[in-house]
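Structure record follows, encoded as structure tokens.
The values are calculated or read from the model by the stated rules, or taken from the named source; none is laboratory data. These numbers were taken from a predicted model, which means no experiment stands behind them. Every residue, glycine as well, gets a Cβ built from its backbone with ideal geometry; the counts of neighbours run over all protein chains shown. The accessibility values were calculated without ligands, DNA or RNA, using every heavy atom of the protein model including side chains. Shrake-Rupley method; radii C 1.70, N 1.55, O 1.52, S 1.80 Å.
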Amino acid sequence: MTDDFDEDAWDRKLRQHRNKKDEAFAEDAHSPIPPDEREGFTGLDYYPPAPEYRVTATVEVHDDPEPMEFDVSSGAPQRYLRVLTLRFGVEGTETSLSAYQQEGDEGQYFLPFRDGTSGDTTYGAGRYMDLHADRALEDGDEIILDFNLAYSPFCAYSDAYACPLPPVENHLDVRIEAGERVD
């Protein structure tokens, strides 16, 4: 894998992403911030950009994806397919995350996880990452996981949302001090 990483460009793009999200949370009619709290909303809390949490993961494709029912913060379980295992090193530890899809989400992967910051400096139920692939991934492919893009589910901001809870297999034994955090 070739990764021509330009830290300055990455930092600018990450900060633009965060600013755009904060603006949407403050102004969008579909924001998870309750309407009566939007006027005073000054933005989400984030860890400082940390390139060390931008890691290379090796892909393992599950040719016959296993269906799983995810517990949800409220309401009925949601069905996902475990389609990938992503193996990587972070904080000196080799670990992995499973990536999931719902039917018809080709090229879109959902990575819910908990880590050592959950319930401390991040939302207690866990955080999410999204992965978008522009082609079919194959065993042995390498991809970049950027935990600086980890975000809290909408149910962290409002009880009006039902959010899938990270399964035990995606509970990491390390602290990922990147992405969104709680105040």
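Have a look at L149, L97 and point out the one that is open to solvent by 30 Å² or more (accessible area, probe 1.4 Å), modelled with pLDDT of 95 or more and touching a helix residue (DSSP H, G or I) at 6+ places or on another chain (Cβ under 9 Å). Sole residue among the options that is open to solvent by 30 Å² or more (accessible area, probe 1.4 Å), modelled with pLDDT of 95 or more and touching a helix residue (DSSP H, G or I) at 6+ places or on another chain (Cβ under 9 Å): L149. None of A160, A125, A178 is of a type outside the set (S, T, Y) and at pLDDT below 95 except A160.
Give the residues of the stretch 62-81 that are surrounded by 15 or more Cβ atoms within 10 Å (Cβ to Cβ) and assigned to a strand (DSSP E or B), sorted by residue number. The answer is M68, F70, V72, Q78, Y80, L81. Taking the conditions exactly as written (within 26 Å of D45 (Cβ to Cβ), among the aliphatic types (A, V, I, L, M), touching a residue at least 40 places away in the same chain (Cβ under 8 Å) and open to solvent by less than 20 Å² (accessible area, probe 1.4 Å)), does L86 satisfy them or not? In short, no. Taken together, the residues in the stretch 163-183 that are open to solvent by 40 Å² or more (accessible area, probe 1.4 Å), within 26 Å of E106 (Cβ to Cβ) and touching a Phe, Trp or Tyr at 6+ places or on another chain (Cβ under 9 Å) amount to 1. Selection over the stretch 18-27 of residues that are of a type in the set (D, E, K, R) and touching a Lys or Arg at 6+ places or on another chain (Cβ under 9 Å) gives a count of 1. Consider the stretch 12-54 and keep the residues that are part of a loop (DSSP other than H, G, I, E, B) and of a type in the set (S, T, N, Q). The one that is surrounded by the most Cβ atoms within 10 Å (Cβ to Cβ) is S31. All conditions in (1) at negative phi; (2) open to solvent by less than 30 Å² (accessible area, probe 1.4 Å); (3) modelled with pLDDT of 95 or more hold for D130, with the sole exception of (2).
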